[in-house]
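Right, one structure below, let's go through it.
The values are calculated or read from the model by the stated rules, or taken from the named source; none is laboratory data. For clarity, every value in this text was computed on a predicted model and none was experimentally measured. Ideal geometry is used to build each Cβ from the backbone, glycine not excepted, and the neighbour counts take in all protein chains shown. To get the accessible areas, we keep the full protein, side chains included, count just its heavy atoms, and leave off ligands, DNA and RNA. Shrake-Rupley method; radii C 1.70, N 1.55, O 1.52, S 1.80 Å.
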Amino acid sequence: MTDFGALGFCRVAAVQIPVRPGDARANASAIRRAAETAAAREACLVLFPELSIAGYSCEDLFQNQGFLADVRRAIAQLASETKDLAAAIAVGAPYQAPDGRVYNAAFILHRGRVRGAIPKTHLPNAGEFYERRWFVPGGPADYGIVDELLGEFRLSRRQLFEVGRMVFAVEVCEDLWAHEPPSGAHAVAGANVILNLSASNELVAKSEYRRDLVRMQSARLDAAYVYVSCGPGESTKDVVFGGHAIIAEAGTILSEGPRFEFKGTAVFADLDIDRLMHDRARDMTFANALRPPGYTVQRLEPSPPPLTSLERAFSRTPFVPDTPGLVGERAREILAIQATGLARRLEASGSATAVIGISGGLDSTLALLVTVETMRRLSRPASAILAVSMPGMGTTERTRKSAADLAVRAGATFREVPIVAAVSQHFKDIGHDPSVHDVVYENSQARERTQILFDLANQHRGIVVGTGDLSELALGWCTYNGDQMANYAVNVSVPKTLVTHLVRWYAENVADGATRAVLEAILATPISPELLPPGKDGEIVQDTEKAIGPYVLHDFFLFHHERYGAGPRRIHALACRAFAGEFTPAEVRKWLRVFFERFYRQQFKRTTLPPGPKVGSVSLSPRGDLRLPDEVDPAPFLGEIDGL
């Protein structure tokens, strides 16, 4: 059984219950039942709305001593009745401090005890809100409370609580809307999860603004943000509450509940704490922020039980947009980034020509399409592109024809330069037996092609446009000082799965009928370097994915290893879930080993990588995102994989 908690995940719940304003004991019982249900679903933290034990809409009851006493008894009741729950509970209630001041507070309950109370910092006092009538701002508050019913705890906003790998802090409703939310200090102090107990009424379009606030605050803080507001049962006089529940992580909404549900709502999400901590390690602006003083950290023991399931989905193709409405927008943006980078390089170098080797495969196809767009942006004719086909020992008629057809359809200047004779002479010169189809046989062809391209670039006052993609660089599936080299590599941060997606999008949305037919033929061609002789039927015999593994898996591995810093055990667990029914755990493990072996052994090819445009969050440029010595030993990674 996989413990996803040990892999950095924790499940949280945001719950809106049907509150009965003024009936603290009934509300405490409803909260208990909801907390038990959430804990049964392996939630380790359950959040309820602002003032949920009392009811936000109680108004002058907040100054009634009998009512405040009832609330204290209800909190004690709730703590006692949830002492056997593994989950921590965050609930809202009014609380009168020893000096008589009344605070709008969030109480943290765990294993039968009040572990802390966090007062609301910013009190709204305009329009429909007038909280300063009953409460005082909690920013300055810092009490060591000894309460005969509730025990000993601290009343202060400067508190952090640890649950497993999660460290959470609390702000209350208006705190998020303030110009300087307390959550900023909370995050810098160490909180990777922010809770918000809220009572935000509904107005036209306010939910969209609220959603954006939550989402963007989670992005700004490199944190998860768990938010829940009180529901329809609190609606009174001129205000209506909808019970909005939102869980966001690092700028992405993970879960959101329906509004206006009288029976209440509960939303769950599995937070990726390891991902958040990885982002913080890389975010030097965050890392260099001054840690605010006065914070205490309280570990809630015992740690939560194992998380035996994962309700969070992970895309099989994390580099490819999975939202239909974004597909075209992202494709255009990627092509624009690539074309703009190449255009700038052509102008800066004073080049008249872009020289590109085309093979009839996906990578060179995308590179040619990008170069055509580049010339359009520079107001130059497509004929300023010199597209060169260099058929060799392994070239099939299928790909040779596709290369020629594509160049003609693009309007490029096309030239075919066969390399068989030159490579054969090279074999004679170095004493290599051409019947031995080894790495010398293959790499000699790649280097001959590179030499031709650079020489043609010199002839035509041009630069060589590289075609290799990010996936090939990750695996080192390129010839050093062969196809690894160029003047400017436009696909250098575009992985294979995205290359396929972009070419398909272009075929379906941009190309004319004849060009579309050529692109569809290329999309249907097996991925191959075509460096070994064709079969008897003239078809490709060298299948890249049979040799090194499916690119859809390798791109998944690459994304999680480089973007989130995930190790083999975690990647294997997530890949087995994402590709269930497509690849067995043993197959995932096999290709994961290939990935880590090649990724680190082939770093030397990336150390001398030519420049190219960064288009996404994962890049292997030695000048930017990945700075590694060539001598890193992958043995620890491989040992972990072998032990799976």
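On average, how much accessible surface per residue is there in the stretch 7-89, in Å², for a 1.4 Å probe, leaving out ligands, DNA and RNA?
32
Which percent of Cα-Cα pairs in the stretch 79-153 sits in each 5 Å bin, short to long?
3, 15, 24, 22, 15, 11, 7, 2, 0
If you roll a 1.4 Å probe over the stretch 402-479 with all protein chains in place, what percent of the accessible area is carbon or sulfur?
Looking at the stretch 402-479 in its full context, I get 52 percent from C and S.
Run down the lysines and flag those whose C-alpha is under 23 Å from the C-alpha of LYS614, throwing out any fewer than 8 positions away in its chain.
The reachable lysines, counting only those whose Cα sits under 23 Å from LYS614, are LYS496, LYS605.
Relative contact order of the stretch 236-357, please, whole-number percent, based on alpha carbon pairs below 8 angstrom and at least 6 residues apart.
With pairs under 8 Å counted, the relative contact order is 13 percent.
In whole angstrom, note down how far apart the Cα centers of the stretch 230-290 and the stretch 46-90 are.
Each part's Cα centre sits 21 Å from the other's.
Report the normalised scattering of the stretch 1-106 as log10 I(q)/I(0) at q = 0.10, 0.18 Å⁻¹, calculated by the Debye formula with identical scatterers on the alpha carbons.
For the stretch 1-106, the Cα-only Debye profile gives -0.31, -0.82.
GluC sites (Glu not before Pro) within the stretch 551-636: which are DSSP loop residues with at most 15 other Cβ atoms inside 10 Å?
GLU582, GLU631
Trypsin sites (Lys or Arg not before Pro), restricted to the stretch 1-101: which are DSSP loop and have at most 12 other Cβ atoms within 10 Å?
LYS83
Just to be sure I understand: if I project the alpha-carbon convex hull of the stretch 132-177 onto a plane and average over all orientations, what area do I get in nm²?
Mean orientational projected area (the stretch 132-177, Cα hull): 4.8 nm².
Tell me, what % of the accessible area of the stretch 284-342 is carbon and sulfur with a 1.4 angstrom probe?
The nonpolar share, carbon plus sulfur, comes to 58 percent.
Can you give the Kirkwood hydrodynamic radius of the stretch 244-310 from its Cα pairs, in Å with one decimal?
15.6
Report Rg(Cα)/(2.2 N^0.38 Å) for the stretch 136-260, keeping two decimals.
So the stretch 136-260 has a normalised radius of gyration of 1.12.
Principal axis lengths of the stretch 258-350 from Cα atoms, whole Å, largest first?
66, 41, 30
Just the Cα atoms of the stretch 307-381: what Rg and Dmax do they give in Å?
Using the Cα atoms of the stretch 307-381, the pair Rg, Dmax is 17.6, 61 Å.
Looking at the stretch 386-515 from every direction and averaging, what is the projected area of its Cα convex hull in nm²?
9.0
Step by step: find N for the stretch 532-594, compute 2.2 N^0.38 Å, then divide the Cα radius of gyration by it. What's the final number?
Compactness ratio reported: 1.36.
With only alpha-carbon atoms counted, please give the Rg and Dmax of the stretch 341-460, in Å.
For the stretch 341-460, the Cα-based Rg and Dmax read 15.6, 49 Å.
Could you pull out the trypsin sites (Lys or Arg not before Pro) across the stretch 500-608 that fall in loop regions by DSSP (anything but H, G, I, E, B) with no more than 10 other Cβ atoms inside 10 Å?
Passing sites in the stretch 500-608 are LYS536.
Restricting everything to alpha-carbon atoms, can you work out Rg to Rh for the stretch 157-224 with a Kirkwood hydrodynamic radius?
Rounded to two decimals, Rg/Rh equals 0.99.
Does the stretch 586-644 come out rounded, prolate or oblate, given a ≥ b ≥ c as the square roots of the eigenvalues of its C-alpha gyration tensor, rounded meaning a/c under 1.5 and, failing that, prolate meaning a/b above b/c?
Since a/c reaches 1.5 and a/b is larger than b/c, the shape of the stretch 586-644 is classed as prolate.
With 28 Å as the limit, write out which pairs from LYS83/LYS263; LYS206/LYS263; LYS206/LYS237 have Cα-Cα distances beyond it, or answer none.
Flagged as over cut-off: nothing, all pairs pass.
When every alpha-carbon pair in the stretch 503-641 is counted, what percent end up more than 20 Å apart?
That tail contains 61 percent of the Cα-Cα pairs.
Evaluate the relative contact order of the stretch 482-568 (contact order divided by residue number), counting alpha-carbon pairs under 8 angstrom at least 6 apart; express in whole percent.
Relative contact order here is 21 percent.
Relative to 2.2 N^0.38 Å, what does the C-alpha radius of gyration of the stretch 234-388 come to as a ratio? Two decimals please.
Output field value: 1.71.
Report the relative contact order of the chain, percent, no decimals, based on alpha-carbon pairs under 8 angstrom and at least 6 residues apart.
For the chain, the relative contact order is 11 percent.
Just the projected area, averaged over all directions, of the convex hull on the alpha carbon atoms of the stretch 390-444: how many nm²?
Dividing the Cα hull surface by four gives the mean projection, 4.3 nm².
Please calculate how many Å² of accessible area the stretch 409-528 carries per residue, with a 1.4 Å probe and no DNA, RNA or ligand atoms counted.
43
Can you compute log10 of I(q)/I(0) for the chain with the Debye formula, treating each Cα as one identical point scatterer, at q = 0.07, 0.09, 0.11 Å⁻¹?
With no solvent term, the Cα-only Debye profile gives -0.57, -0.80, -1.01.
For THR353, enumerate residues with amide H under 5 Å from its amide H, sequence gap 5+ or separate chain, H modeled in the peptide plane.
Under 5 Å from the amide H of THR353: GLY462, ILE463.
Between the stretch 335-359 and the stretch 402-421, how many Å separate their Cα centres?
18
So if I take the centroid of the Cα atoms in the stretch 161-229 and the same for the stretch 507-571, what is the distance between those two points in Å?
Between the Cα centres of the stretch 161-229 and the stretch 507-571 lies a distance of 42 Å.
Where only protein heavy atoms count, and the probe is 1.4 Å, what is the accessible area per residue for the stretch 154-203 in Å²?
Averaged over the residues of the stretch 154-203, the accessible area is 23 Å².
What percent of all Cα-Cα pairs in the stretch 82-205 falls in each 10 Å bin, counting up from 0?
Cα pair-distance distribution for the stretch 82-205, in percent: 12, 44, 33, 10, 1.
More than 14 angstrom separation, counting every C-alpha pair in the stretch 13-60; what % is that?
Result for the distance tail: 46 percent.
Computing the accessible area with a 1.4 Å probe over protein heavy atoms, can you report the carbon and sulfur percentage for the stretch 33-79?
Answer for the stretch 33-79 is 48 percent, counting heavy atoms of protein chains only.
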